[in-house]
Each structure stands twice: as C-alpha cells, then as structure tokens.
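Asker: Next up is a structure, given as structure tokens.
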Amino acid sequence: MHNIYKKLIKKDAVLSVVGLGYVGLPIALEFAKKIKVVGFDIREDRVEMMRRHKDPNRELPDEAFKGCDITFTSNPEDLQQAHFHVVGVPTPIDDHNLPDLRPLIAASKSVGRILKKGDYVVYESTVYPGCTEEDCIPILEAESGLKAGTDFKVGFSPERINPGDKVNTLATITKVVSGSDEDALDNIAKTYELIITAGVHRAPTIQVAEAAKIIENTQRDVNIALMNELSIIFNRMGINTYDVLKAARTKWNFLNFYPGLVGGHCIGVDPYYLVYKAKEYRYHPQVINSGRFVNDSMGFYAAKQLVKKLIAADKNILRTKVLVMGVTFKENVSDIRNSKVSDLISELQSYGVTVEVVDPYADAEEVLKEYGFKLTAQPATDYDAVVVAVNHEPYLSLKEADFKAMLKDNGDGILVDIKGIYRSKINELKYWSL
Ligand SMILES: NC(=O)c1ccc[n+]([C@@H]2O[C@H](COP(=O)([O-])OP(=O)(O)OC[C@H]3O[C@@H](n4cnc5c(N)ncnc54)[C@H](O)[C@@H]3O)[C@@H](O)[C@H]2O)c1
C-alpha cells in the first residue's frame with residue numbers, strides 16, 4: 001500500500017476525482033497533466049460538456065483540457081479502475097443552517113462499493129472536524145467490507161481556491177494534507193506535490209486539517225461581520241466607514257477587511273458546520289453565530305437604507321423603479337448560489353419597489369430558476385435609484401455621468417454603492433455606501 005504514489009506516476013494506477021464542480025474539475029485536470037485520471041460526476045449533462053472540453057461553470061478555458069489524460073464518466077462503476085480517490089462533492093447547509101451531508105454520504109457509498117485493498121480515499125470537501133472519520137469512513141467500511149487503516153487508507157486535504165482569483169490558483173496555494181497514518185500521509189503528500197508548486201503542509205491529523213479549513217472561512221466571516229457592524233454604527237453617526245478604515249489601516253496591525261454582502265457556498269456556510277459540531281460538545285458559539293447573524297442581515301439592511309433615502313427624496317415607494325447591478329455572490333464569477341443580493345432585491349420588492357437586475361456574468365436561466373426573477377438585458381434610463389451590489393470588473397470604470405444616464409429626470413436619483421467603489425467619484429448624485 002506504501003507505493004501508491006509510485007504506481008500513480010508510472011501510470012500503473014489511476015486516480016479518480018468524484019464530483020467535478022468548482023473544486024473537482026480543476027483538481028482532476030491538474031492531476032491529468034501528470035497521471036491517469038478518471039473524473040466522475042452524477043450529472044451526465046455536465047459530464048457531456050466536459051467530454052467536449054467545456055467547463056460547465058465557465059471558470060476554465062477550453063485549453064485547460066488539452067493534453068490531459070482523463071476520462072469523464074457518470075457511471076460509478078468506472079471508478080473501479082482507480083486506486084486513489086479524491087472526493088470533492090458539495091457540503092451545503094439545509095434550510096435550518098445545519099450540515100447537509102447527503103452528497104458526501106452518496107459519494108462515500110459510490111467509492112465504498114468499488115473500494116479495493118490498497119486503495120486511498122482523500123476528501124477535499126469542507127467539513128467539520130471529525131466528519132471524515134466519524135461519518136465517511138464507516139460508510140466506506142460498510143459498503144466495501146474492508147477495514148480502514150489496514151485494508152485502505154484515508155486522508156483529508158481541504159481545497160482553498162478562491163473563486164474568480166486568477167493570481168492565487170490551485171497550484172500556487174499551499175495545500176494542507178493529512179492522512180490516517182504516517183504511510184498514508186507520506187503518499188498523499190507526495191501525490192499532491194505532483195501538482196501543487198507551492199508545496200504541501202503536512203497536518204498531524206485528519207481532524208486538524210478539517211479544522212484548519214473551517215476556521216479560515218470562519219475567521220473571514222467574523223471579521224467581515226465586524227466591519228458590517230461598524231458600518232451600521234458609523235452610518236447612524238454620519239461617518240463614512242471607508243474613510244475610517246483608510247485611516248485605521250495606517251497602523252501596521254490593523255486587519256484589511258471591508259463591509260459587504262457575504263454570500264456563496266463557503267464563507268457564509270462553513271461556520272455553521274463548526275457551530276453544529278461545537279454543540280455536540282455542549283458549547284454554543286456566541287462570536288461565530290453573531291457574525292453569521294450580522295452578515296446574513298446585510299442585504300435586508302441595505303435595502304431598508306435605500307427605502308429610507310427614497311422616502312426622504314419624496315418618492316412614492318410604490319412607483320419607484322430601482323436597478324440592481326450584479327447578482328452573483330461575489331465579483332467576477334458566474335456563481336449565484338446563496339447570493340445575498342437576492343435578499344436585497346426581495347426586501348425592496350416587499351416594500352412595493354419595482355426592481356430590475358443586470359449582471360454581465362450570471363446566467364439568466366439559472367437566476368430565473370434559483371430566484372424567480374428575469375435578468376434585464378439592457379438597463380433603462382428611468383430609474384429612481386441604482387444599486388451597484390457587486391464590484392464586477394466592468395463596473396469599476398463607471399463614472400457619475402454613466403449613473404446619471406440611467407436615472408430619471410436628468411440624474412435626479414440615488415446611487416447605492418455597496419462596496420464603496422465610487423465614493424470619491426460622486427459629486428452630484430445622492431450617494432450611500434455600506
Ligand atoms: N467553490 C469553491 O471555491 C470552494 C473552495 C474551497 C472549498 N470548497 C468546498 O469544496 C466542495 C465542493 O464545492 P464546489 O464548489 O466544487 O461544488 P459544486 O457544486 O461546484 O460541484 C460539485 C459537483 O459534485 C457533483 N456531485 C454531487 N453529488 C455527487 C455525488 N454523490 N457523486 C459524484 N458527484 C456528485 C455535482 O454534480 C457537481 O458537479 C465543498 O465542500 C465546498 O465547500 C469550494
């Protein structure tokens with residue numbers, strides 16, 4: 001079992017990647033530049049696209065598939081040929097903010113059914129500390145009839161890619177790796193070193209690696225929540241938060257965080273995994289939950305501030321029309337999952353405001369399916385307010401005149417700048433930012 005790495009590099013063994021999404025596909029292609037890979041996903045429509053060298057998430061260019069030794073399949077039996085399995089399926093939360101392990105359990109069953117003596121299974125999905133050993137290994141053992149540790153080895157290596165980030169990429173981010181024993185750790189570390197130019201960090205246990213990942217995102221969430229809370233306080237005081245942060249940041253140890261809408265499937269989700277597990281140990285996290293509460297309220301808060309401004313501008317709310325620019329969960333990505341912009345939109349609509357939405361990256365069909373509204377192809381020229389909700393690249397160069405052109409009555413309207421992009425560029429419009 002100790003020479004799986006050697007077998008992989010000689011192409012005497014095959015590596016499988018289970019779940020080919022934002023995480024799984026880049027990993028699969030990167031490995032497939034060096035070793036033989038089988039990529040498995042339950043969605044045949046997505047698999048079919050990948051066979052045609054198309055990334056269903058539109059993150060990777062077609063060239064990323066070139067020269068890769070990879071077979072794409074939606075048939076779980078094809079996993080049989082592989083001896084080293086990397087699992088990168090989603091780990092979402094349910095409607096009650098509790099971990100939804102169904103994809104992870106289903107993937108573990110698929111792998112367990114074809115598991116052979118000497119195989120390796122490495123989980124990459126973000127989970128709470130203990131999940132791999134307490135929830136996944138028992139499934140692998142039950143399905144295969146084999147024993148972890150003696151018959152097969154297990155590891156955990158969290159994915160740390162940052163969606164839309166073209167600088168910090170899979171290969172250039174240090175990869176944390178862990179294994180069920182020394183031998184496993186060594187083989188897993190060497191295998192990842194094949195593709196990670198930044199190198200690997202060998203964590204002492206699987207739980208440490210699981211915990212490390214979950215706190216990276218929890219730390220971001222709590223820090224952004226603090227900025228959001230400060231923004232609420234300074235708004236009441238009539239102080240611009242960005243001016244305060246700019247001044248405070250001149251101190252060497254002031255941390256570089258900004259207020260904003262925290263959406264997506266990572267930062268707004270992962271802390272709930274830790275909260276869930278902490279409760280099993282009879283601890284009720286206060287700081288983490290408070291952060292979640294503040295961040296989850298920001299879309300509604302921003303909408304209410306705009307409604308107040310519209311009323312102050314003597315607008316009849318039921319006859320106001322607002323343009324929201326950007327609906328994805330963050331800038332320069334097409335991913336709309338768990339976007340807090342949808343909270344902002346639904347809150348405005350609940351007051352009777354007519355809302356139109358544009359986004360150069362989002363897929364109109366996906367938006368309609370997920371949130372129930374249509375994207376507007378071309379902005380009109382009769383809005384009472386424009387909300388720039390996401391700092392997409394094409395929006396950064398917009399000038400005051402561009403917003404005036406979208407507003408009715410020769411630019412007599414309000415600009416809400418969630419990310420504070422235009423704060424030093426607006427002189428005449430009524431302006432508000434977080
Ligand atoms: N997206 C990111 O930038 C990012 C970054 C770091 C960590 N993560 C973590 O990585 C994991 C995967 O996230 P993602 O964004 O790639 O998800 P995703 O939704 O983009 O992709 C998941 C893929 O898995 C497939 N799938 C679902 N159930 C399956 C099963 N039982 N068997 C095989 N395939 C299955 C889906 O069809 C989909 O193609 C999550 O735990 C997430 O928290 C994501």
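Asker: In the structure displayed, which of K315/K340; K304/K404; K34/K340; K213/K309 lie more than 31 Å apart, Cα to Cα?
Answerer: Beyond 31 Å: K34/K340; K213/K309.
Asker: Now for a separate question. Quick check: from the Cα gyration tensor, does region 65-183 come out rounded (a/c under 1.5), prolate or oblate?
Answerer: rounded
Asker: Along each of the three principal axes of the Cα atoms of region 237-433, give the extent in whole Å, ordering the values from largest to smallest.
Answerer: 59, 45, 30
Asker: Taking N as the number of residues in region 66-108, what is its Cα Rg relative to 2.2 N^0.38 Å?
Answerer: Working: Rg = 14.2 Å, N = 43, 2.2 N^0.38 = 9.2 Å.
It is 1.55.
Asker: Please report, in cubic angstrom per residue, the volume enclosed by the convex hull of the alpha-carbon atoms of the chain. Spell out each step's value before the answer.
Answerer: Working: hull volume 65.0 nm³, N = 434.
Expressed per residue, the convex hull around the Cα atoms of the chain is 150 Å³.
Asker: How tilted is helix 206-237 with respect to the longest principal axis of the chain? Cα atoms for both, answer in degrees (0 to 90, nearest 10).
Answerer: Taking Cα atoms only, the helix is inclined about 0 degrees.
Asker: Using the Cα centre of region 237-433 as origin and beta-carbon charges of +1 (Lys, Arg) and -1 (Asp, Glu), tell me which of S339, L398, N410 is placed farthest towards the positive end of the dipole.
Answerer: The residue sitting most towards the positive pole is S339.
Asker: Relative contact order of region 320-361: what whole-number percent is it, with Cα pairs under 8 angstrom and at least 6 residues apart?
Answerer: Across region 320-361, relative contact order equals 55 percent.
Asker: Could you tell me which trypsin sites (Lys or Arg not before Pro) in region 237-346 are loop residues by DSSP with no more than 15 other beta carbons within 10 angstrom of their beta carbon?
Answerer: R249, K251, R282
Asker: Using only Cα atoms and rounding to the nearest 10 degrees, what angle (0 to 90) does helix 287-312 make with the longest principal axis of the chain?
Answerer: Orientation of helix 287-312: about 30 degrees from the principal axis.
Asker: Would you be so kind as to identify which of V37, A142, S74 lies farthest towards the positive end of the dipole of region 4-204, taking Lys and Arg as +1 and Asp and Glu as -1 on Cβ and the Cα centre as origin?
Answerer: Of V37, A142, S74, it is V37.
Asker: Right, another one. In whole angstrom, how far apart do the alpha carbon centroids of region 224-240 and region 172-200 sit?
Answerer: For region 224-240 versus region 172-200, the Cα centre distance is 42 Å.
Asker: According to a simple spin-label model (label point 7 Å from Cα along Cα-to-Cβ), what is the distance in nm between E366 and M49?
Answerer: 0.7
Asker: Still on this structure, please answer the following. Can you list the residues, at least 5 places off or on another chain, whose amide H is less than 5 Å from the amide H of I93, using H built in the peptide plane?
Answerer: D100
Asker: Which angle between 0 and 90 degrees, to the nearest 10, do you get for helix 341-350 versus the longest principal axis of the chain when only C-alpha atoms count?
Answerer: Helix 341-350 sits at roughly 40 degrees to that axis.
Asker: What's the magnitude of the charge dipole for the chain around its Cα centre, counting Lys and Arg as +1 and Asp and Glu as -1 at the beta-carbon? Answer in Debye, nearest 20.
Answerer: Details: 54 positive and 59 negative charges, 160 e Å.
It works out to roughly 760 debye.
Asker: For region 4-204, what is the convex hull volume of the alpha-carbon atoms per residue, in Å³?
Answerer: Hull volume over Cα atoms, normalised by residue count, gives 115 Å³.
Asker: Starting from 0.36 nm per residue, how many nanometres of slack lie between V287 and K6 once their C-alpha separation is accounted for?
Answerer: 96.6 nm is the gain from fully extending V287 to K6.
Asker: With a cap of 14 neighbouring Cβ atoms within 10 Å, and only residues DSSP puts in a loop, list the GluC sites (Glu not before Pro) found in region 47-97.
Answerer: Here no GluC sites (Glu not before Pro) fit, given the DSSP loop and packing criteria.
Asker: Can you compute the modelled spin-label distance between R319 and M237, with each label point 7 Å from Cα toward Cβ, in nm?
Answerer: 4.0
Asker: Something else about it: Restricting to DSSP loop positions (anything but H, G, I, E, B) with no more than 10 other Cβ atoms inside 10 Å of their own Cβ, which chymotrypsin sites (Phe, Trp or Tyr not before Pro) remain in region 215-296? Write down the numbers at each step before the final one.
Answerer: Details: sites: F234, Y242, W252, F254, F257, Y272, Y273, Y276, Y281, Y283, F293; in loops: W252, F254, F257, Y281, Y283.
Here the sparse-neighbourhood loop sites are W252, Y281, Y283.
Asker: Can you give the charge dipole size of region 237-433 about its Cα centre, rounded to the nearest 20 debye, using +1 on the beta carbon of Lys and Arg and -1 on the beta carbon of Asp and Glu?
Answerer: Working: 25 positive and 24 negative charges, 158 e Å.
Result for region 237-433 is approximately 760 debye, rounded to the nearest 20.
Bear in mind these aren't lab numbers, they're just calculated from the coordinates by the rules spelled out. No experiment lies behind these values; they were computed from the predicted model shown. No Cβ is skipped: glycine too gets one built from the backbone with ideal geometry, and neighbour counts run over all protein chains shown.
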